Amino acid sequence: MMIVVVLLIVLLLVVGAIFYFTQVQEVVEEQDSETDQGGFDIVNGWIYDVKYNYKLGIKEDGSLKASEYSADTPDQTSKWSFEPTGKGFHVGSTNGKFLKITSAGISLTSKATGTAKIRLIPVENGYKLSNSTKKYFVKLEKAKIKVVRKEEDASSFMID
């Protein structure tokens, strides 16, 4: 009788270990697939469009602006940090605001929430910026910032 109890305990331990390691492997694979950033490794920098050479920045009143970019005289209020979050980034400013892209436009928010997740889509000459679902994209027409629904209509951005 004692041998049967010991064998049952060993069997339960083996089944439990197999179940545990199967679950751990699934979690590791899930984390690996969520952290794919497409080779993007810039920690902070300026975001400017390749057509007009206008950068995204913040006005004195705290709202979003687009103004001419010059690598020779970089503006610290237009510098952004890129914090990886799954398949996107929380793009934050020096004053603690984060970029947010919605159907209403591109704006700033004070919290790094799911709606403030920005996707960087690699293209031939830079990146397209979209919301986390790739439904809305950023387009600059000189200093005018717009949101468009088609990726091909969006501006290409460089990050310096």
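The values are calculated or read from the model by the stated rules, or taken from the named source; none is laboratory data. These figures come from a predicted structure and were not determined experimentally. All Cβ positions, even for glycine, are placed from backbone atoms using ideal geometry, and neighbour counts span all protein chains on display. Note: areas computed on protein heavy atoms with side chains; ligands, DNA, RNA excluded. Shrake-Rupley method; radii C 1.70, N 1.55, O 1.52, S 1.80 Å.
Data for the structure
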| quantity | calculated |
| --- | --- |
| Identity of the residue in segment 99-113, open to solvent by 50 Å² or more (accessible area, probe 1.4 Å) and of a type outside the set (Gly, Ala, Ser), that ends up farthest from GLY88 (Cα to Cα) | LYS111 |
| Criterion (more than 23 Å from SER67 (Cβ to Cβ) and either surrounded by fewer than 20 Cβ atoms within 10 Å (Cβ to Cβ) or not basic (Lys, Arg) (or both)) met by exactly one of LYS134, LYS144 | LYS134 |
| Within segment 86-95, tally of residues that are open to solvent by less than 30 Å² (accessible area, probe 1.4 Å) and of a type outside the set (Gly, Ala, Ser) | 3 |
| Segment 51-76, subset open to solvent by 60 Å² or more (accessible area, probe 1.4 Å) and at pLDDT below 90, residue nearest to GLU141 (Cα to Cα) | LYS59 |
| Test set (1) of a type in the set (D, E, K, R); (2) within 19 Å of PRO84 (Cα to Cα); (3) at pLDDT below 95 - GLU141 fails condition number | (2) |
| Inter-residue pairs, beta-carbon under 8 Å, first more than 16 Å from ILE118 (Cα to Cα) and of a type in the set (Val, Ile, Thr) and in segment 75-98, second assigned to a strand (DSSP E or B) and open to solvent by less than 20 Å² (accessible area, probe 1.4 Å), 6+ apart | THR77/GLY57; THR77/ILE58; THR77/SER93 |
| Residue that is nearest to ILE101 (Cα to Cα), among those in segment 137-159 that are in a loop (DSSP other than H, G, I, E, B) and touching a residue at least 60 places away in the same chain (Cβ under 8 Å) | SER155 |
| Members of segment 56-78 found to be out of contact with any Phe, Trp or Tyr (no Cβ under 7 Å at 6 or more places or on another chain) and under 19 Å from ILE101 (Cβ atoms), listed by number | LEU56, GLY57, ILE58, LYS59, GLY62, SER63, LEU64, LYS65 |
